Amino acid sequence: MENEVVDSKNFIEQIIEKDLADGVYDHVTTRFPPEPNGYLHIGHAKSILLNYGLAKKYNGKFNMRFDDTNPTKERSEFVESIKADIKWLGADWEDRLFFASDYFDQMYEAAIKLIKKGKAYVCDLSAEEIREYRGTLKEPGKESPYRNRTIEENLELFEGMKAGKYNDGEKVLRAKIDMASPNINMRDPVLYRVARMTHHNTGDKWCIYPMYDFAHPIEDAIEGVTHSICTLEFEDHRPLYEWVVTELEYPQPPKQIEFAKLYLTNVVTGKRYIKKLVEDGIVDGWDDPRLVSIAALRRRGFTPESIRKFVELCGVSKSNSSVDYAMLEYCIREDLKLTKPRVMAVLDPIKLVIDNYPDDKVEYLEVENNQENPDMGSRKVAFCKELYIDREDFMEEPPKKYFRLFPGNEVRLMHAYFVKCESFIKDETGKVTEIHCTYDPETKCGTGFTGRKVKGTIHWVSARHAVPAEIRLYENIVDEEKGKLDENGNLNLNPNSLTVLKNCMVEESLADTKPEDKFQFVRQGYFCTDMKDSTSDNLVFNRIVSLKSSFKLK
């Protein structure tokens, strides 16, 4: 209907508000539960910000919990990187930092409770046999020959598993549910396995570890989580989640809700692929700016605000879809364009000498920090006889409609004067090494000169005052034309994903830049001081994003 009021709340907010109205819960508690087996990526940012945002919206609590039930792949390095990423994004767990491993005793007691209720049994089938017995989507499974062991026997065997009497894989604890269930996850899933591994948090205390599908609902229930929000691949696991919290008789059990993952076009998020890129030395770590891990986006120069805006624009839905990377770039441009200074940097320097400018004279020109935001004030930029300009701003024999510098042509030096190219010098290879110009002192920027107009304006830095820098330009790490993967499942790598420019010159105002400082380099794009490699003696800048984009926000 034309006049119908559209409810803008997403489907998760609608569920929460109904639960609060119906008295199902009298509070809201959400959580973000990563497994510490790698660095977080842009898709995790959606989950973090969604869970944190919901808790904040409904005056609830947001818990941070490491789902560390699988010690084979977990490391303290990943724990620390995840904590740093979440803090940087602005999600505050306050004093509620938890580890699944903190609840191992309670999980063990929960397993004992299920055995005593006749709802769990110790099974001697191998992993392969369990798979065979499970059946298919069209055929029901077969019951394990160990399914009907007595409660006493199961208690004794499970205690033996805990005491280390059995080898890895020799016995498992399984839920006793329904081997004919249409949902394969309900066909007596494994709850515990024997695994002799040192755990990063509990050391060698345990040689049995709970499976994720058993541990997760228990963790949520212990912490008083009301809405356990996860991605769509867990939808088929929800009946098992509900079975666990129901059979363990939690008084106000949490509710699992699934939403669609965030997929970005042509980016690498799979831990297996990133691990290989790191191990093969193709990238310089999990935070290489060509990746979309949160640490990599931060190092590249993305801001928490831009990622929050991106997640907001993506929205929350029940159906999977892909988002163009250009939308993420749009968000960072929007965030930086009015908040960061616009400075001059010359990426491929060629010397420009103003022959009629006094040799020892230095002028300090007043330059606005951001022409679109006068509140950002101004700075002084040194101007003298010898400058650097970008090589692409001069041509010996220009094509039509080339309005920059060429013999006999006049251009404006940004914020300064008109200069006219009089001559140039080449080296023995024919490469232009120096351009000679004359300037018109009447044309100083800001004096109101209206005598004549020029069509071209070029940027520059003072040769005497400029600071050398390394500048890194990035493209997608995968070849967008060939697609992400080749026929063998390997990444189609883009050989031009990183270009390192070693002999750049930047304004002296950047001499004291700090890691993560951000700027617009006039005509070049937005850049960030590298947080890993940049030093006061060796400045390194990463290009965050170019200035122009084809992306339009609908």
Suppose we filter the range 317-359 for residues that are of a type in the set (Val, Ile, Thr), out of contact with any helix residue (DSSP H, G or I) (no Cβ under 9 Å at 6 or more places or on another chain) and modelled with pLDDT under 95; how many remain?
0
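For (1) touching an Asp or Glu at 6+ places or on another chain (Cβ under 9 Å); (2) loosely packed, with under 13 Cβ neighbours inside 10 Å, each residue gets a yes or a no:
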residue	(1), (2)
TRP460	yes, no
ASN476	no, no
GLY483	no, yes
LEU493	yes, no
THR529	yes, no
LYS532	yes, no
Could you please give the count of residues in the range 495-510 that are touching a Ser or Thr at 6+ places or on another chain (Cβ under 8 Å) and loosely packed, with under 14 Cβ neighbours inside 10 Å?
0
Taking the condition of being out of contact with any Asp or Glu (no Cβ under 8 Å at 6 or more places or on another chain) and either at pLDDT below 95 or under 26 Å from THR30 (Cβ atoms) (or both), how many residues in the range 97-120 meet it?
8
Does LEU157 meet the test of being within 20 Å of ILE208 (Cα to Cα) and in contact with a helix residue (DSSP H, G or I) (Cβ under 8 Å, 6 or more places away or on another chain)?
no
Can you tell me how many residues in the range 25-35 are in contact (Cβ under 8 Å) with a residue 12 or more places away in the chain and either assigned to a helix (DSSP H, G or I) or farther than 30 Å from HIS199 by Cα (or both)?
3
Please count how many residues of the range 44-78 are within 28 Å of LEU191 (Cβ to Cβ) and assigned to a helix (DSSP H, G or I).
5
When you scan the range 67-90, do you find a residue that is more than 19 Å from the chain's Cα centre (by Cα) and at pLDDT 95 or above, even just one?
no
Residue, nearest to LEU89 (Cα to Cα), within the range 298-337, restricted to residues that are part of a helix (DSSP H, G or I) and among the basic types (Lys, Arg):
ARG308
Say whether the condition of being touching a residue at least 24 places away in the same chain (Cβ under 8 Å), farther than 30 Å from GLU422 by Cα and among the small types (Gly, Ala, Ser) is met by at least one residue in the range 333-350.
no
For the range 280-290, does any single residue satisfy the condition of being outside any loop (DSSP other than H, G, I, E, B) and buried (at least 18 other Cβ atoms within 10 Å of the Cβ)?
no
Within the range 214-254, take every residue that is acidic (Asp, Glu) and assigned to a loop (DSSP other than H, G, I, E, B) and give me the one that is farthest from ASN185 (Cα to Cα).
GLU223
Residue set ASP95, ASP105; condition in the same structural domain as THR198 (by TED's automatic domain parsing), part of a loop (DSSP other than H, G, I, E, B) and surrounded by fewer than 18 Cβ atoms within 10 Å (Cβ to Cβ); output residue ASP95
Only one of THR226, THR202, THR136 is out of contact with any helix residue (DSSP H, G or I) (no Cβ under 6 Å at 6 or more places or on another chain) and within 30 Å of ALA45 (Cβ to Cβ); which?
THR226
When residues of the range 370-400 are filtered for being crowded, with 18+ Cβ neighbours inside 10 Å and of a type in the set (D, E, K, R), how many remain?
3
Looking only at the range 212-241, which residues are aliphatic (A, V, I, L, M), touching a Lys or Arg at 6+ places or on another chain (Cβ under 7 Å) and modelled with pLDDT of 95 or more?
VAL225
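This table checks each residue for (1) at pLDDT below 90; (2) at positive phi.
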{"residue": "GLY448", "(1), (2)": "yes, yes"}
{"residue": "GLY451", "(1), (2)": "yes, no"}
{"residue": "THR457", "(1), (2)": "no, no"}
{"residue": "VAL461", "(1), (2)": "no, no"}
{"residue": "ARG464", "(1), (2)": "no, no"}
{"residue": "TYR474", "(1), (2)": "no, no"}
{"residue": "LEU485", "(1), (2)": "yes, no"}
{"residue": "ASN488", "(1), (2)": "yes, no"}
{"residue": "VAL506", "(1), (2)": "no, no"}
Specify which of the listed residues (LEU297, LEU313, LEU262) is buried (at least 22 other Cβ atoms within 10 Å of the Cβ) and at pLDDT below 95.
LEU262
Condition first: in contact with a helix residue (DSSP H, G or I) (Cβ under 7 Å, 6 or more places away or on another chain), of a type outside the set (D, E, K, R) and within 20 Å of GLN520 (Cα to Cα). Can you find one or more residues in the range 378-400 that meet it?
yes
Sole miss for ARG65 among (1) within 25 Å of PHE302 (Cβ to Cβ); (2) of a type in the set (Lys, Arg); (3) crowded, with 21+ Cβ neighbours inside 10 Å is condition (1)
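The values are calculated or read from the model by the stated rules, or taken from the named source; none is laboratory data. The structure presented is a predicted model; accordingly, all values stated were derived computationally and were not measured. Cβ sites come from the backbone with ideal geometry, for glycine too, and all protein chains shown count toward neighbours.
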